[in-house]
Amino acid sequence: MSNGRIQILPPEEARRIAAGEVIDRPAALIREFLDNAIDAGGSLIEVFIEGGGAKRAEVIDNGDGMSRDDLALCWETHATSKIRSLEDLNTAETLGFRGEALAAAAAVSRLEIATSTDGREAWKLEIGPGERNPAHITQSRRTKGTSVRALDLFDSIPARKRFLKRDGSEAGLCRQIFIDKALAFPAAAFRYTQDGNPKCFLPAAASKKERFAAALLQPNEEIFLHEIHTTGSGFSADIVIGGSELYRADRRQLFVFANGRRLSDFALLQALEYGTQGLFPNGTHPVGAVFIAIDPKLADFNIHPAKREARFADPGAIHHAVTSSLRDFSHRLSLSRSGAADISESIDAGNFDEKSFQHLHSGYSASSEISGGLALEALLEKAPLKTIAENAGVSFAAETAPSYGFSGGSEAPRFAGRAFGLFILMEYADRLFIIDQHAAHERLLYDRFLTGPIPKQELLVPIPFSTESNTDDRFLEEKKAELAVLAIDIERDGTSWRIEALPADWRLGDAETVRAILDLRGARENMAERWAATLSCHGAIRDGTWLDDKTAADLGREALALRDPHCPHGRPIWTEIRREALFQAVRRS
Ligand code: ADP
Ligand code: MG
């Protein structure tokens, strides 16, 4: 024993080593001080950094402040006013709870705290790195609130100081933390000053969206930002998301927060991208943030020193809520973008994988080979048009001039050919329209399914299935009649169910069919829209399907007559080139 090599570290050394886990760089000081300022209910919170934050990192708030007694204790290890036991984490609403941030800051820097609970009496504490003597409390002056200042970080620990990056980089990290906190707490005003220069002021904002725009976007980009809300059992989420006009080359403007803490949660970042799939060009990323508010009982934030990770009791439920609400939203957004459709009347395209598309594709190609082309009447057979030509004519009359700016006139767009197995070319006045046949067909079917009856087909062999939850059972029970209108007949069979009829031409396998039906639960009051999108998505002709001239021309005219020329996924149905531009391209005048 006496010649053993093990020794207990002196408490001061232990403290300095432990402190390194919490405070590894200036940005960590800013994070912890900001958390405390927010926990104290500050409505104006100011950050000052000098020398990348290592020389000075300070946060000033106008929150509750501390009494003299609390000030004397706050810098001690495990000193916290926020919890009393581990169990309290089940209800803790605060950002802090470990009571180690100020202690860590005091172990690795020179800490100065000034505070007042009422603006009349104020106290100041100064404590040097490693000092264990709380004697330096003096009377001070300040308004209600607290300022916490860390000076000369790591000056007493050269090994750590060497690992800091250049001031500019450290300052950048501090600023990122500042933005993170500001995004999550829009009701407070935030100010950021670097080396004496005011860099950023964010006034109190009415919403997360407003704050997001003020903190991160160009002024002209704000109109493209949207905020939606979703709930699940034990949690809710506010999602701020940019529309299709707003995207970036990287994920730097994508954020995940839970109970006010920014998380590096890859799955939830993916949910943001997944839910907005199709809105943005390939290889680009949306701009946005999901803010989850979860019952502390259902999440553990005590698994990472910087609280950058959390463990959720049911991550799948959160992921699903985020994805499906974003999907609904994406489609509503694209439909309403031209102002033609009411945002509340919109849809979700359901989730169909490439395999089901392939499946449909092959189905249609086969039939087109036999018939030598599909008539538009046949394509739209679900509820045939009166006459397509008439319809197009009417749509081009002056008073219903579509949103793309036709000035009317009796002349109809003329079929001018096809391109790349996908596009229908239409000529009208001085423009050439290039129409995506799949998207156009999908949109027409969608409108038809939504306005006309959906043809139903009894199944020779009913599909039996059972659900995984009582919620699903209840949903099916409650919506049975509504589902029947959507051409889905279901019957309860003891503890399980069976599907007795489906829309005509339904082509998915049993499991996918059941999934598509249960998926409607997420659409809530937009069930009909989602189902119409699902059906049109499945039923539309695919790229490469050969249409005869007449059918192609009819489809082209119908597409151009659409008031909102976007497919249910939100992609535009056509693009155009002006004669002038073509002439210019070959230097004609
Ligand atoms: P924790 O936040 O985990 O409780 P800290 O070490 O960050 O631990 O802070 C210790 C205590 O000091 C807090 O619980 C709080 O009571 C008090 N405190 C710290 N900063 C502030 C502040 N800005 N305003 C009021 N009280 C504060
Ligand atoms: Mg704290």
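Observations on the model:
- Applying a threshold of 8 Å to beta carbon distances and a minimum spacing of six or more residues, or different chains, the list of pairs starting in region 71-93 at a residue that is under 28 Å from residue 293 (Cβ atoms) and ending at one that is away from ligand 2 (no atom under 11 Å from the Cβ) and open to solvent by 60 Å² or more (accessible area, probe 1.4 Å) reads 79/73; 81/70; 89/302; 90/297; 91/297.
- Test: residue in region 225-247 that is open to solvent by less than 20 Å² (accessible area, probe 1.4 Å), among the hydrophobic types (A, V, I, L, M, F, W, C) and under 20 Å from residue 45 (Cβ atoms): no
- Residue count, region 44-66 (criterion: under 20 Å from residue 93 (Cα atoms), more than 7 Å from ligand 1 (Cβ to nearest atom) and not in a strand (DSSP E or B)): 1
- Test: residue 86 is farther than 28 Å from residue 168 by Cα, aliphatic (A, V, I, L, M) and open to solvent by 50 Å² or more (accessible area, probe 1.4 Å): yes
- Filter pass, residue 292 being more than 26 Å from residue 537 (Cβ to Cβ) and either touching a Pro at 6+ places or on another chain (Cβ under 6 Å) or open to solvent by less than 20 Å² (accessible area, probe 1.4 Å) (or both): yes
- Once region 65-74 is narrowed to residues that are more than 18 Å from residue 141 (Cβ to Cβ) and charged (D, E, K, R), the residue that is least open to solvent (accessible area, probe 1.4 Å) is 70.
- Residues of region 540-586 satisfying the condition of being within 30 Å of residue 324 (Cβ to Cβ) and part of a helix (DSSP H, G or I): 559
- Residue count for region 230-262 under the criterion of being in contact (Cβ under 8 Å) with a residue 60 or more places away in the chain, over 22 Å from residue 282 (Cβ atoms) and not basic (Lys, Arg): the result is 12.
- Among the residues listed as 222, 227, the single one being under 16 Å from residue 290 (Cβ atoms) and among the charged types (D, E, K, R): 227
- Screening residue 91 with (1) within 33 Å of the chain's Cα centre (by Cα); (2) buried (at least 23 other Cβ atoms within 10 Å of the Cβ) gives one miss only, at (2).
- Top-ranked residue of region 78-96 - restricted to ones that are part of a loop (DSSP other than H, G, I, E, B) and in contact with a Pro (Cβ under 9 Å, 6 or more places away or on another chain), ranked as nearest to ligand 2 (Cβ to nearest atom): 92
- Condition check for residue 561: closer than 19 Å to residue 452 by Cα, touching a helix residue (DSSP H, G or I) at 6+ places or on another chain (Cβ under 6 Å) and open to solvent by 10 Å² or more (accessible area, probe 1.4 Å): yes
- Single residue of 28, 19 found to be open to solvent by less than 10 Å² (accessible area, probe 1.4 Å), of a type in the set (Gly, Ala, Ser) and farther than 21 Å from residue 199 by Cβ: 19
- Entirely in region 97-214, the helices (runs of 4 or more DSSP H) that have 3 or more residues that are assigned by TED's automatic domain parsing to the domain that holds residue 87 and open to solvent by less than 20 Å² (accessible area, probe 1.4 Å): 101-108, 167-184
- Flag if residue 41 is open to solvent by less than 60 Å² (accessible area, probe 1.4 Å), part of a loop (DSSP other than H, G, I, E, B), touching a residue at least 60 places away in the same chain (Cβ under 8 Å) and within 16 Å of ligand 2 (Cβ to nearest atom): no
- Qualifying residue in region 249-258 (condition: of a type in the set (Lys, Arg), touching a strand residue (DSSP E or B) at 6+ places or on another chain (Cβ under 7 Å) and more than 22 Å from residue 307 (Cα to Cα)): no
The values are calculated or read from the model by the stated rules, or taken from the named source; none is laboratory data. Because the structure is a prediction, the values reported are computed rather than measured. Backbone-built Cβ (ideal geometry, glycine too); neighbour counts: all protein chains shown. Heavy atoms of the whole protein, side chains included, go into the accessibility calculation; ligands, DNA and RNA do not. Shrake-Rupley method; radii C 1.70, N 1.55, O 1.52, S 1.80 Å.
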